[in-house]
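Please read the structure below before turning to the comments.
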Amino acid sequence: MNAVERRAFRIIGCCLPALAAPAFGQANETPAAAAPDEIIVTGSRIPTIRDEGPSAVTVIDSNAIRANGYTSVPELLASMTQNSGETMSPQSGSSADFTPGAQQVDLRGLGPNHTLVLVNGRRIADFPLPYVGRSNFTDISNIPVSLIDRVEILSGAASAIYGSDAIAGVINFKMKEKLDGITLDYRYGRTQHGGGASHRITATAGWASDRFSIAGGIEYIDQRPLWAYSRSVQDSTDDSPVASTAIPRRTFLRIDDNVDYIDPPAGACDALAGLDYGSIITAFRPRYGYYCGSKTSIGYGTIVSARKGFNSFGTMSYELSDNAKLFTDFQLGISKLRLMYDVTSWAFEQSSSSSDNYFFNTFTGQLEDWSRKFTPEETGGLQMQHTKQTTYSITPGIRGDFGKSWNYELSFNYSRYSSTVRWPQIVGKKAQDLFLGPRLGIDAGTGYPMYNADPDRLYTALTRAEYDSIFAYTTYRPYSWTNNLQATLTNGELFQLPGGALGVALVAEYGKQGYNLRPDPLALTDYYYSWQDSDGVGKRSHAAIGGEVRAPVIDGVTLTGAARYDRFGFAGRNVGKFTYNGGIEVRPTKSLLFRAAYGTAFRAPDLHYLFTGPGNVESTITDYRLCREVGQPIDVCDYADTGIVASRSGNRALKPETGRTLTAGMVFSPTPRLHLSVDYFRVTLTNQVNDLDVENLMRVEANCLPATPGGAPVLDPGSPSCQDAFARIRRFSGGPLDGQVESILINPINVAREKTSGIDVALRGTLPTGIGDFTLSVGHSHVFSHSFQRYPGDTPINKLAYDSSYYIPRDKSNASLTWAADAVKFTLSGTRLGKLPNYYEDAYIKSSYLLNATLQYDFTDYLRGSLTVRNLLDKMPVKDPTWSAYPYYNASWFDSIGRSMFLQLTYKIGGEAL
């Protein structure tokens with residue numbers, strides 16, 4: 001434990017009553033907390049009362065969701081201070097290529113695959129396509145926010161309760177079940193600056209007789225797209241803060257073997273001026289030359305995807321007797337999405353795995369490289385990616401009680417997520433024949449393929465028929481599934497101890513899980529331009545047995561413990577893991593609780609990490625080694641943003657990841673109107689599975705060599721990291737690309753260690769006055785340290801440093817102030833994101849703030865209206881003068897949607913009042 005962490009414990013132990021610092025929703029109560037006898041199950045299978053337990057559980061209920069104006073689950077979780085990891089934005093290239101329409105949650109910045117997501121306490125199928133082409137994860141974008149009763153967030157290891165995946169924490173979405181009458185809800189949303197309008201209709205209902213009950217809801221959403229060209233901060237290359245990229249895109253380009261641009265034929269750019277909505281001009285890139293390009297075609301992408309979707313959730317039960325009840329939970333969701341990341345393009349390539357793509361042009365007598373972006377006039381408009389997502393799950397079971405205080409449940413859960421994804425692609429050979437003509441063999445002098453290609457052909461707009469002749473949609477039909485048979489036995493009052501009743505729970509599980517990418521077979525070959533994907537199909541079995549105990553050993557002191565053994569079978573192997581946790585609660589007075597917990601966790605290797613087939617992954621690197629050799633700074637280096645092809649395959653010899661979590665803190669609640677909690681956390685991962693990062697490999701390689709002639713390298717060339725980098729990076733020898741990167745070999749490996757620690761503080765207080773009740777909720781998470789060590793013996797990387805290649809904030813805060821009087825409720829809420837590294841990774845950008853406001857009014861007991869304004873101050877992304885890559889800001893943390901308004905009307909027919 002370092003000095004900062006020791007100081008944190010002293011703060012927790014000595015200064016609790018004086019602490020009044022931050023965290024909305026992180027207290028174990030929310031602005032509209034339910035009755036104090038509400039049962040919470042996340043973190044334990046033994047029923048416990050809210051505010052008890054050795055670990056903090058954050059709860060956000062449906063009233064708080066509405067009061068704070070959250071319009072989607074990703075939006076809700078983005079405000080949570082524990083959710084501090086960098087995830088893929090809907091407008092990022094990685095999202096468009098690998099996980100279209102999906103969104104993730106990343107507790108503690110340990111990766112989306114280390115957060116376990118549950119619905120009604122049960123697992124749901126993974127998104128069928130892997131995160132950035134690598135790991136499995138749960139898609140939270142399809143969970144209907146309007147049908148959620150509450151969200152429970154447990155930070156820390158919970159594998160002894162839930163098994164694999166619960167390393168960074170658990171998020172449980174409890175859907176609405178206790179419903180009476182019929183509730184109809186309509187919400188309309190629009191943005192101040194245009195685009196992105198939305199409509200949402202929700203209906204919930206419940207009915208019960210003496211023995212039978214049924215409840216459920218449906219949601220329909222129509223989200224219109226928001227295009228990048230509608231936002232002035234990213235509608236043109238002129239928006240780039242860096243001169244080297246504030247130039248028109250290279251729509252029509254020829255390059256010689258010196259990597260100099262070849263001037264377009266006289267008048268060629270003028271003849272093309274009507275393309276890209278009239279924006280093609282003759283452009284010039286310093287040190288390279290002239291080309292035909294467009295400043296505004298950079299904006300042909302979506303910031304917000306178009307989505308039309310139907311979601312439903314329900315539950316029904318039938319009482320067989322006084323102590324046995326049949327039940328079934330079910331869910332169905334269907335969504336159709338349209339999104340666009342960029343226009344289609346083509347360039348000459350010898351194969352999709354080749355980085356040396358010159359050809360000898362007999363028409364000009366020189367080596368050349370041609371490239372082309374296709375314009376809306378040629379393609380018949382902006383071509384969008386189309387995705388259809390279907391999710392469903394069903395859980396039949398029986399529950400009841402016997403004896404004096406035993407409860408049992410036997411259930412079978414099946415969940416499936418299937419998708420159909422259609423990408424627009426250019427057929428490589430057909431485009432090559434169209435632009436270059438037939439191949440004439442190999443040039444004896446250079447060894448490159450030979451074509452007789454008239455440059456005028458490149459600089460001629462295609463007819464729609466010509467474009468259609470080289471264009472096709474590639475279609476993937478991936479799916480994933482999981483099933484699980486589970487039996488639980490609980491007794492909250494097994495026998496009496498001096499401090500109260502001993503509670504126990506036993507669980508046994510057996511299930512299977514699988515996935516199949518089902519890619520377009522042609523995508524596994526060189527058929528499409530610059531696209532050779534990998535296949536992936538596999539499954540595994542799983543069995544587990546475990547137990548928990550909660551023992552109030554004396555008045556004011558409770559001990560908890562859990563242990564579990566899980567066994568996975570896959571690829572002819574069996575992997576077993578035992579996990580445990582233990583906790584203590586000490587309540588010296590009724591208003592003060594001290595708590596601590598220690599737990600172990602594990603994650604079985606992701607199916608895609610295990611079973612992915614060989615394939616190529618396009619990437620962009622900065623060649624730090626060559627930049628140093630030519631003495632150029634990174635921002636103007638000729639070898640920055642260089643496209644390369646990485647070779648990748650799975651690894652069936654992977655070991656399980658393991659983890660350990662320690663939490664300790666206090667809860668101070670002198671009255672029901674005041675609640676303060678302070679909790680320390682420390683999470684350590686070992687054997688973590690991760691793909692090798694090409695950018696980090698390039699940095700390591702450069703640091704393994706002298707920075708200057710005769711100088712000493714930063715890293716020991718004989719170290720494991722240096723030797724590994726030298727082996728994985730292949731460079732050309734001879735030819736026009738001599739010394740440049742030819743390919744990089746990457747694959748998933750068991751990483752040595754990752755560790756993070758910090759503190760969560762939460763405060764909630766209510767003040768009654770003559771004009772209404774004022775409720776303040778504030779929260780803050782501060783990370784003391786977050787380190788990552790790739791190999792034993794390597795110097796750990798500080799992931800909070802600006803030059804670490806990671807974009808994780810040290811601090812994240814939120815707050816809300818609510819005034820409620822009679823039929824009126826007004827909430828002002830905000831989120832603060834701490835400083836992040838800039839693009840050059842040589843400094844930080846400043847912290848950012850986002851404010852929202854919601855006004856709610858009850859016209860009658862059965863009719864409620866509300867108006868929400870998100871991004872109240874119309875803030876745009878924090879300006880980073882070094883962010884040269886489109887959209888010129890960190891899209892994982894920011895967007896340019898601007899101020900948005902949402903009008904919502906709720907009407908209830910029958911039953912209790914709203």
Picking from Cys269, Cys292, the residue that is crowded, with 18+ Cβ neighbours inside 10 Å, of a type in the set (A, V, I, L, M, F, W, C) and outside any strand (DSSP E or B) would be Cys269
Residue pairs qualifying under the 9 Å Cβ cut-off, at least six apart or on distinct chains, with the first in the range 180-207 being closer than 18 Å to Leu873 by Cα and the second being in a strand (DSSP E or B) and of a type in the set (Val, Ile, Thr), are Gly189/Thr868; Thr191/Val304
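Check whether at least one residue in the range 31-50 is modelled with pLDDT of 80 or more and buried (at least 18 other Cβ atoms within 10 Å of the Cβ), and report yes or no. Can you show your working first?
So in the range 31-50, the residues modelled with pLDDT of 80 or more come out as none.
Taking every residue of the range 31-50 in turn, none turns out to be modelled with pLDDT of 80 or more and buried (at least 18 other Cβ atoms within 10 Å of the Cβ).
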Counted residues in the range 704-737 being closer than 29 Å to Asn258 by Cβ and within 31 Å of the chain's Cα centre (by Cα) come to 3
Is at least one residue of the range 301-324 in contact (Cβ under 8 Å) with a residue 24 or more places away in the chain, touching a helix residue (DSSP H, G or I) at 6+ places or on another chain (Cβ under 6 Å) and not in a strand (DSSP E or B)? yes
Selection over the range 709-762 where residues are part of a loop (DSSP other than H, G, I, E, B) and of a type in the set (D, E, K, R) yields a count of 2
Taking the range 478-494 and the residues there that are among the hydrophobic types (A, V, I, L, M, F, W, C) and in a strand (DSSP E or B), the one that is surrounded by the most Cβ atoms within 10 Å (Cβ to Cβ) would be Trp481
| query | Is it the case that some residue within the range 883-893 is at positive phi, touching an Asp or Glu at 6+ places or on another chain (Cβ under 7 Å) and touching a residue at least 12 places away in the same chain (Cβ under 8 Å)? | reply | yes
By residue number, the members of the range 324-337 that are among the charged types (D, E, K, R) and surrounded by fewer than 20 Cβ atoms within 10 Å (Cβ to Cβ) are Lys325, Lys336
*asked:* I'd like to know if the range 560-580 contains one or more residues that are in contact with a Leu (Cβ under 6 Å, 6 or more places away or on another chain), among the aromatic types (Phe, Trp, Tyr) and closer than 21 Å to Ser155 by Cα.
replied: no
If we keep only residues of the range 510-523 that are within 26 Å of the chain's Cα centre (by Cα) and not in a strand (DSSP E or B), then the residue nearest to Thr99 (Cα to Cα) is Leu517
With criteria (1) more than 20 Å from Asp693 (Cβ to Cβ); (2) surrounded by fewer than 18 Cβ atoms within 10 Å (Cβ to Cβ), Asp803 comes up short on (1)
Among residues of the range 265-278 being under 38 Å from the mean Cα position of the chain (by Cα) and touching a residue at least 24 places away in the same chain (Cβ under 8 Å), the residue nearest to Ala885 (Cα to Cα) is Asp276
task: Inspect the range 842-857 for any residue being over 25 Å from the mean Cα position of the chain (by Cα), of a type in the set (Asp, Glu) and either loosely packed, with under 14 Cβ neighbours inside 10 Å or within 23 Å of Ser816 (Cα to Cα) (or both) and give the result as yes or no.
output: yes
Screening Ser146, Ser164 for residues that are assigned by TED's automatic domain parsing to the domain that holds Tyr220, touching a residue at least 12 places away in the same chain (Cβ under 8 Å) and either in a loop (DSSP other than H, G, I, E, B) or surrounded by fewer than 24 Cβ atoms within 10 Å (Cβ to Cβ) (or both) leaves only Ser164
Residues of the range 611-631 being surrounded by 15 or more Cβ atoms within 10 Å (Cβ to Cβ) and either part of a loop (DSSP other than H, G, I, E, B) or touching a Pro at 6+ places or on another chain (Cβ under 7 Å) (or both), in sequence order, are Gly613, Thr622, Asp623
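Any idea which of Phe173, Phe127 is surrounded by 22 or more Cβ atoms within 10 Å (Cβ to Cβ), in a strand (DSSP E or B) and either at pLDDT below 90 or out of contact with any Gly (no Cβ under 7 Å at 6 or more places or on another chain) (or both)?
Phe173
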Residue set Ser719, Ser787, Ser733; condition in contact with a strand residue (DSSP E or B) (Cβ under 6 Å, 6 or more places away or on another chain) and at negative phi; output residue Ser787
Among residues of the range 208-261 being part of a loop (DSSP other than H, G, I, E, B) and among the aliphatic types (A, V, I, L, M), the residue modelled with the lowest pLDDT is Val259
Wholly inside the range 844-914, strands (runs of 3 or more DSSP E) that include 1 or more residues that are out of contact with any Phe, Trp or Tyr (no Cβ under 9 Å at 6 or more places or on another chain) and of a type in the set (Asp, Glu) are 848-860
Just one listed residue, out of Asp329, Asp342, is part of a loop (DSSP other than H, G, I, E, B) and among the charged types (D, E, K, R), and it is Asp342
Contact list, first residue from the range 726-739 and under 11 Å from Arg625 (Cβ atoms), second anywhere and assigned to a helix (DSSP H, G or I), beta-carbon distance below 6 Å, six or more apart or interchain, is Ile729/Glu701
Q) Looking at Gly195, is it out of contact with any helix residue (DSSP H, G or I) (no Cβ under 8 Å at 6 or more places or on another chain) and among the small types (Gly, Ala, Ser)? A) no
Selection from the range 416-473 of residues in contact with a Ser or Thr (Cβ under 6 Å, 6 or more places away or on another chain) and among the basic types (Lys, Arg) yields Arg422
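For the range 508-532, name all the residues that are hydroxyl-bearing (Ser, Thr, Tyr) and within 16 Å of Ser352 (Cα to Cα).
Thr525, Tyr527, Tyr528, Tyr529, Ser530 - these are the residues of the range 508-532 that are hydroxyl-bearing (Ser, Thr, Tyr) and within 16 Å of Ser352 (Cα to Cα).
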Checking Asp535, Asp606, Asp566 in turn, the sole residue that is under 28 Å from the mean Cα position of the chain (by Cα), of a type in the set (D, E, K, R), under 28 Å from Pro656 (Cα atoms) and surrounded by fewer than 19 Cβ atoms within 10 Å (Cβ to Cβ) turns out to be Asp535
When restricted to Thr474, Thr488, Thr446, the only residue within 27 Å of Ile334 (Cβ to Cβ) and in contact (Cβ under 8 Å) with a residue 12 or more places away in the chain is Thr474
In the range 574-594, anything under 18 Å from Ser44 (Cβ atoms), of a type in the set (D, E, K, R) and in contact (Cβ under 8 Å) with a residue 40 or more places away in the chain is listed as Glu585
Across the range 191-233, the tally of residues that are surrounded by 17 or more Cβ atoms within 10 Å (Cβ to Cβ), within 27 Å of Asp61 (Cα to Cα) and out of contact with any strand residue (DSSP E or B) (no Cβ under 6 Å at 6 or more places or on another chain) stands at 0
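The values are calculated or read from the model by the stated rules, or taken from the named source; none is laboratory data. Everything quoted here is computed from the prediction, not taken from an experiment. Neighbour counts run over all protein chains shown; Cβ positions are idealised from the backbone, glycine included.
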